Structure formats: C-alpha cells, structure tokens
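Engineer: Structure incoming, see below.
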Amino acid sequence: MNIMFFITPKKDVISVSDKDNIKTVLKTLNEHKFSSVPIINAEGNYLGTIKEGDILWYLYQKSSFNERLIETTNIMDVPRRSTNVTAKVDANVEDLLHILISQNFVPAIDDSNIFIGIIKRRDVISYAYDKIKSDEGYMADFFHAKKLSR
C-alpha cells in the first residue's frame with residue numbers, strides 16, 4: 001500500500017516557517033496543542049521538525065527565558081536533538097512502520113524535497129486496528145499465536 005492513502009495534505013498541516021522566531025513557534029504549538037511541527041521554507045521545502053523539547057533545551061542552555069531572547073531568536077538557530085525521518089511519495093506503508101514507532105508523524109516529500117504533507121501514526125494504527133477488528137479470525141489466530149510463543 002502506498003503512503004498517499006494515509007497522507008494529510010500540506011494545506012491541512014500546521015507548520016512553521018524558517019523565518020519564524022521562538023515566540024511564534026511556541027504560540028503555534030500552544031494554540032494547536034502540539035509537541036512538534038514541521039519547518040517549511042518559502043519554496044515549500046521541508047527543513048526539519050522542531051519539538052518543544054528542542055526549544056526548552058535551547059533556552060535552558062542559554063540560561064534565559066526572557067522575552068527578548070524568545071522574540072529575537074530565529075527557530076533555525078535552535079539545535080534539534082533528533083531528526084525526523086522523511087518518506088518519499090512512492091514509499092510503501094510497510095517501510096514507514098518502523099519509523100512510526102518513534103515519530104508521531106512522518107513528513108512526506110517529493111523528489112525535490114518539497115513538503116507534500118504528513119503521515120500520522122494515529123491514522124496508520126487506526127486503519128490497522130479497523131482491519132484487524134473486521135477479521136475476527138485473524139484476531140483469534142493472533143492471540144493464540146501469542147499464547148503459544150510464551
């Protein structure tokens with residue numbers, strides 16, 4: 001199955017700009033109750049994902065939580081402690097499963113690194129759950145196999 005089945009298109013994804021300051025990003029995270037958001041430049045390229053923890057560690061290392069620092073620091077100056085793995089549009093869902101274990105979403109890009117949307121862990125798990133639930137025999141086999149392997 002192709003990832004396009006699960007994609008939330010970029011028009012429906014909350015993101016921040018590479019020109020935004022820390023205050024703007026924090027406001028975006030707070031408004032939408034997110035812990036991370038993709039960073040997109042004016043050309044539409046995916047530049048990375050900023051997490052609230054990245055910002056907290058940055059401010060902690062600066063030993064400052066003052067308004068001036070938050071308003072004058074560009075989000076691209078905040079080091080990211082980890083890099084979200086991306087997926088190309090022609091990837092298979094199977095290729096994404098190991099990534100979704102450690103990421104809430106996978107940014108989807110085209111061959112030119114243009115951001116086209118995200119694949120959310122919740123959507124993939126919900127789909128799998130619905131498929132499993134609709135096949136009661138599969139669930140019985142699954143749990144029986146689990147008992148045998150213990």
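Values in this text are rule-based calculations from the coordinates and carry no lab data. Since the model is a prediction, treat every value here as computed from it, not as a measurement. Neighbour counts run over all protein chains shown; Cβ positions are idealised from the backbone, glycine included.
Engineer: In the chain, if the dipole is taken from +1 on Lys/Arg beta carbons and -1 on Asp/Glu beta carbons about the Cα centre, which of N74, L29, I14 is farthest to the positive end?
Structural biologist: L29
Engineer: Next up: From the helices alone, meaning DSSP H stretches of at least four residues, give me the mean residue ellipticity at 222 nm for the chain, per-run term -39500 (n - 2.57), in deg cm²/dmol to the nearest 500.
Structural biologist: On the way: 6 runs with 63 residues, N = 150.
Result for the chain, helices only: -12500 deg cm²/dmol.
Engineer: Which residue fluctuates the most in the chain, going by a Gaussian network model with Cα springs under 10 Å, if the choices are D111, D95, D54?
Structural biologist: Result: D111 has the largest fluctuation of those listed.
Engineer: To continue, here is another question. Per residue Cα convex hull volume for the chain, in cubic angstrom? Don't skip to the end; give the middle numbers.
Structural biologist: Values: hull volume 20.8 nm³, N = 150.
Normalising the Cα hull of the chain by residue number yields 138 Å³.
Engineer: If contacts are Cα pairs under 8 angstrom and at least 6 residues apart, what is the relative contact order of segment 6-130 in percent?
Structural biologist: Working: 180 pairs, mean separation 37.9, N = 125.
It rounds to 30 percent for segment 6-130.
Engineer: Still on this structure: For segment 85-135, how big is Rg over Rh, using alpha carbon atoms and the Kirkwood form of Rh? Don't skip to the answer; put the middle values down first.
Structural biologist: Values: Rg = 11.9 Å, Rh = 11.5 Å.
My calculation of the ratio gives 1.03.
Engineer: Let me ask something additional. For the chain, what is the charge dipole size about the Cα centre, in debye to the nearest 20, if Lys and Arg each add +1 at the Cβ and Asp and Glu each add -1 at the Cβ? Walk me through the numbers before you get to the answer.
Structural biologist: Working: 20 positive and 20 negative charges, 118 e Å.
That gives a dipole near 560 debye.
Engineer: Mind checking which aspartates and glutamates have their Cα closer than 15 Å to the Cα of K23? Skip sequence neighbours fewer than 8 apart in that chain.
Structural biologist: E31, E52, D54, E67, E71, D77
Engineer: Mind putting a number on the dipole of segment 74-125 about its Cα centre? Charges go on the C-beta only, +1 for Lys and Arg and -1 for Asp and Glu, and I need it in Debye to the nearest 20.
Structural biologist: On the way: 6 positive and 7 negative charges, 68 e Å.
Taking the Cα centre of segment 74-125 as origin, the dipole is about 320 debye.
Engineer: Label point 7 Å out from N30 along Cα-to-Cβ: which residues of segment 59-95 have amide N under 18 Å?
Structural biologist: It comes to 59-60, 64-75, nothing else.
Engineer: Okay, next question. For segment 67-73, what does the Karplus curve 6.51 cos²θ - 1.76 cosθ + 1.60, with θ = phi - 60°, yield as ³J(HN,Hα) per residue in whole Hz, taken in order and with x for Gly and Pro?
Structural biologist: 4, 4, 4, 5, 7, 9, 8
Engineer: Which lysines, if any, have their Cα less than 23 Å from the Cα of K120, not counting same-chain residues under 8 positions apart?
Structural biologist: Qualifying lysines at Cα under 23 Å: K10, K11, K27, K33, K51, K88, K131, K133.
Engineer: Counting only DSSP beta bridges with both residues in the chain, tell me the antiparallel percent, nearest 5.
Structural biologist: On the way: 16 of 20 bridges.
Here the share of antiparallel DSSP bridges comes out near 80 percent.
Engineer: Can I ask one more? Placing +1 on the Cβ of each Lys and Arg and -1 on the Cβ of each Asp and Glu in the chain, which of T86, W57, Y46 has its Cα farthest towards the positive end of the resulting dipole?
Structural biologist: Farthest along the dipole direction, towards plus: W57.
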